[in-house]
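**Q** The structure's right below; bear with me while I get my questions together.
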Amino acid sequence: MDPERLIENLSRPGASLAALYVVIGDDPLLTIEAADALRAIAKAGGYLERTSFLMDARSDWSTLSVSSQSGSLFGDKQLVELALPTGKPGKQGADALIALAARCAGLADGDVLTIVSLPRLDKAARDSKWATALLKAGTVLDMPNIERTQLPQWIAKRLAKQSQQASSETLSWLADKVEGNLLAAHQEILKLGLLFEPGMLDAAQVEQAVMNVARYNVFGLRDAMLSGDVPRMLRMMAGLKAEGEALPLVLWAVGEEIRALARAAQAAATGQDMATVLRSQRIFGQHERLAREAIARVPARSWPAAVQHAHEVDRLIKGLHVTGRLQDPWEEMSRLAMRVAVSPVRP
């Protein structure tokens, strides 16, 4: 069951509450909203005493054990909230989380309800004993990332909750302005609810009201490059430059990706299994799908030249002259990314 349906079902009168809920996700807005919804449901269910913990590997985890096992001084049901933003509890924390999972397994409508908030875990962390125990014992709300292609529909649903609608063109324009920053998107949508009456929103009024709050990031740039979305890639490159992002970080994201795909393309050309090669480069899931698109689009002979181009951009960043390249490293970075985004690629 997806998180929205789960929360809807839990909100119904007489719904049974598990002893442990685990909220997983990278986006602050979605995880905050899920935790807020669970908190409100718990309060309605009589969990009136609340204790919160913000933990990491250096924290004193014994406090969690004491709090989650002890009853309320006033006889109220107790809500215990634990946030682990690093996703790395350390040895003591791992033991405490395993013990917590053991106490909560199979319980419902008890005196203590626990909400654990985690970032999205990589494969190694998800396979760890503490994570396996939590995910098995708890009810998991895995908050999905909202991709750029899903963002207009997400905005439309949020507008509908305040009885407003917008054309597909306006929704796409809004998505461009708030891409990568759902918290800011949420604020802008609420602002539209305050400024304008219910009904269809006027595109010109929306444009005047909404600030450009997109938060471009190097991984979004990488995905746009791999998918061949040139306008989005160039828009993100300009956004990173305008925000003062460190150019070596941008080169790392683009250059490392090119080197990884060059190795994968070379291995595939020799008959090796593509899935195995990509996993050896730590490329999984959605990233793997986009990587396969790029490898299929770019001729195999072009990858070595792209790798050399990345080395030359690195020299430009260090202030060195490179014959045949532009002196502005940002411009040359865009040309490097275009090698992958545009087909056919020229050496």
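**Q** Cα gyration tensor of the range 283-347, axes a ≥ b ≥ c as square roots of the eigenvalues: rounded (a/c below 1.5), prolate (a/b > b/c) or oblate?
**A** prolate
**Q** Amide H of LYS77 versus every other amide H placed in the peptide plane: which residues, excluding those fewer than 5 positions away on the same chain, fall under 5 Å?
**A** LEU48, GLU49
**Q** Now, a different point. Treating only the Cβ of Lys, Arg, Asp and Glu as charged (+1, +1, -1, -1), what charge dipole size does the range 127-214 show about its Cα centre? Round to the nearest 20 debye.
**A** That gives a dipole near 400 debye.
**Q** Probe radius 1.4 Å, ligands and nucleic acids ignored: give me the carbon and sulfur share of the accessible area of the range 237-347 as a rounded percent.
**A** 54 percent
**Q** Please label the shape of the range 1-140 as rounded, prolate or oblate, based on the square roots a ≥ b ≥ c of the eigenvalues of the alpha-carbon gyration tensor (a/c under 1.5 means rounded; beyond that, a/b larger than b/c means prolate, else oblate).
**A** Oblate shape, in that a/c is at least 1.5 and b/c is the bigger or equal ratio.
**Q** Just the number, please: carbon plus sulfur as a percent of the accessible area of the range 8-147, 1.4 Å probe, no ligands or DNA/RNA counted.
**A** With neighbouring chains kept in place, the figure for the range 8-147 is 56 percent.
**Q** Apply the Karplus curve 6.51 cos²θ - 1.76 cosθ + 1.60, θ = phi - 60°, to the phi angles in the range 143-151 and return the couplings in whole Hz, x for Gly and Pro.
**A** 7, x, 6, 8, 6, 4, 5, 8, 5
**Q** Stokes-Einstein at 37 °C, 0.692 mPa s, Kirkwood radius from Cα pairs: D for the range 78-206 in µm² s⁻¹?
**A** Roughly 186 µm²/s, to the nearest whole number.
**Q** Using Cα-only point scatterers and the Debye equation, what is log10 of I(q)/I(0) for the range 13-71 at each q in 0.13, 0.14, 0.30 Å⁻¹, rounded to two decimals?
**A** Listed by q, the Debye log ratios stand at -0.44, -0.52, -1.29.
**Q** Right, another one. If you take the alpha carbon radius of gyration of the chain and divide it by 2.2 N^0.38 Å, what ratio comes out, to two decimals?
**A** Dividing the Cα Rg of the chain by 2.2 N^0.38 Å gives 1.19.
**Q** Going by amide H atoms built from the backbone, whose H comes under 5 Å of the H on LEU20, apart from near neighbours?
**A** THR114, THR139
**Q** Restricting the calculation to Cα positions, tell me the Rg (one decimal) and the Dmax (whole number) of the range 114-188 in Å.
**A** 16.8, 48
**Q** Sticking with this one: Can you list, largest first and rounded to whole Å, the semi-axes you get for the range 238-347 by taking the square root of 5 times each eigenvalue of its Cα gyration tensor?
**A** Gyration-tensor ellipsoid for the range 238-347: 26, 15, 12 Å.
**Q** In whole Å, what are the Cα extents of the range 170-300 along the three principal axes, biggest one first?
**A** Result for the range 170-300: principal-axis Cα extents of 62, 31, 23 Å.
**Q** Counting Lys +1, Arg +1, Asp -1, Glu -1, what net charge surrounds GLY25 among other residues with beta carbon under 12 Å of its beta carbon?
**A** Overall, the nearby charge balance is -3.
**Q** Please list, ordered by chain and number, the residues whose modelled amide H lies under 5 Å from the amide H of LEU82; skip anything fewer than 5 residues away on the same chain.
**A** Amide H neighbours of LEU82, under 5 Å, 5+ apart: PHE53, ILE115, VAL116, SER117.
**Q** Compare THR323, THR114, THR86 in a GNM of the chain, Cα atoms joined below 10 Å, and give the one with the largest fluctuation.
**A** Of THR323, THR114, THR86, the most mobile in the Gaussian network model is THR323.
**Q** Right, something else. Before I look further, what does the chain give for accessible area per residue, probe 1.4 Å, in whole square angstrom?
**A** Roughly 51 Å² per residue, with all protein chains present.
**Q** Separate question: Pairs of lysines 8 or more apart, or on different chains, with alpha carbons under 21 Å: count those in the chain, would you?
**A** 15
The values are calculated or read from the model by the stated rules, or taken from the named source; none is laboratory data. Because the structure is a prediction, the values reported are computed rather than measured. As a convention, Cβ positions derive from the backbone with ideal geometry for all residues, glycine included, and neighbour counts pool all protein chains shown. In case anyone asks, the SASA skips ligands and DNA or RNA and just uses the protein heavy atoms, side chains included. Shrake-Rupley method; radii C 1.70, N 1.55, O 1.52, S 1.80 Å.
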